1. Cα to Cα, under 20 Å, and not fewer than 8 places away if on the same chain: which aspartates and glutamates meet these conditions relative to Lys171?
2. I'd like to check one number: the per residue accessible area of segment 112-195, probe 1.4 Å, reported in Å² as a whole number.
3. Using the Kirkwood radius over Cα pairs, work out the Stokes-Einstein diffusion coefficient for segment 65-123 at 37 °C and 0.692 mPa s, in µm²/s as a whole number.
4. Please find the FRET efficiency linking Asp190 to Met77, where r is the Cβ-Cβ separation and R0 is fixed at 30 Å, and quote it to the nearest 0.05.
5. Tell me the Rg and the Dmax, in Å, that the Cα atoms of segment 1-143 produce.
6. Can you tell me the Rg and the Dmax, both Å, for the Cα atoms in segment 121-210?
7. Which whole-Hz ³J(HN,Hα) couplings does segment 78-94 yield from phi under the Karplus relation 6.51 cos²θ - 1.76 cosθ + 1.60, θ = phi - 60°, glycine and proline marked x?
8. What percentage of the solvent-accessible surface of the chain, computed with a 1.4 Å probe over protein heavy atoms, is contributed by carbon and sulfur atoms?
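The values are calculated or read from the model by the stated rules, or taken from the named source; none is laboratory data. All values reported here derive from a predicted model rather than from experimental measurement. Methodologically, a virtual Cβ is constructed for each residue, glycine included, from the backbone with ideal geometry; neighbour enumeration extends over all protein chains shown. All accessible areas refer to the heavy atoms of the entire protein, side chains included, with ligands and DNA or RNA removed. Shrake-Rupley method; radii C 1.70, N 1.55, O 1.52, S 1.80 Å.
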Amino acid sequence: SVRANLKGMPGVQISVDQEKNGPPTGLPISIEITGDDLNQLIKTSKSLKHYLDSCNIAGVENLKSNLDDGDPEVLVMIDRERAARAGLSSAQLGMGIRNAVFGKEITKYREFEDEYPVMLRFAANQRQDIDALQQLKITFRDMNTGMIKQVPLSAVATIKYDKSMGIINRKNMKRYIILSSNVLSGFTPDGVNAVITKALKDFKLPKGVDVKQTGEAED
């Protein structure tokens, strides 16, 4: 009844399970994919999930991956040659951006026994605006002339949008991704895992990638 009423909610992943009395155990269905090559591992996990979904194995609630590869990322690509001509190092550029976005502690404020750091940084509308950050002036002392100089970030770097990994999990020094699910009422984890074991035999694994059933099946 809960599954039926909460089905199809956008942006939400919902799992329904019985209350577990006793020591904690692994998930009823847990398939661990391990390997050294991250790109190959991601590709294999996605194709394995698609394959198992297409098998329509009875009793599987909803096979989910713990892979988080959709985090948006802003990359600042430094032109080292132009930066060197301006007398700037990558460290100076990185520190300038960090101070603008995350702030720099300039002093401390004390009130009775409590002490609070005072941070100086860009206003919210500036640090959340990529165009404003591109106009950020990096202030530094030119070691050749001894003069204080300012160079806009856009003169020595470009900004690129990309996606990054949220978390990379490792076990025994190897990267791994887990496909997992609860078992629907009327089915047993042992029975469903046995069907998955048979299905895995027909899935062709690339070299360097291993698949293992863990969780409750392993316990």
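1. Glu32, Asp36, Asp37, Asp68, Asp69, Asp210, Glu216, Glu218, Asp219
2. Per-residue value: 70 Å².
3. This corresponds to a translational diffusion coefficient of 221 µm²/s.
4. That gives a FRET efficiency of 0.05.
5. 25.2, 71
6. Reported Rg and Dmax, both Å: 26.6, 79.
7. Result, rounded to whole Hz: 7, 7, 4, 5, 5, 5, 5, 5, 7, x, 9, 9, 4, 5, 5, 5, x.
8. With neighbouring chains kept in place, the figure for the chain is 52 percent.
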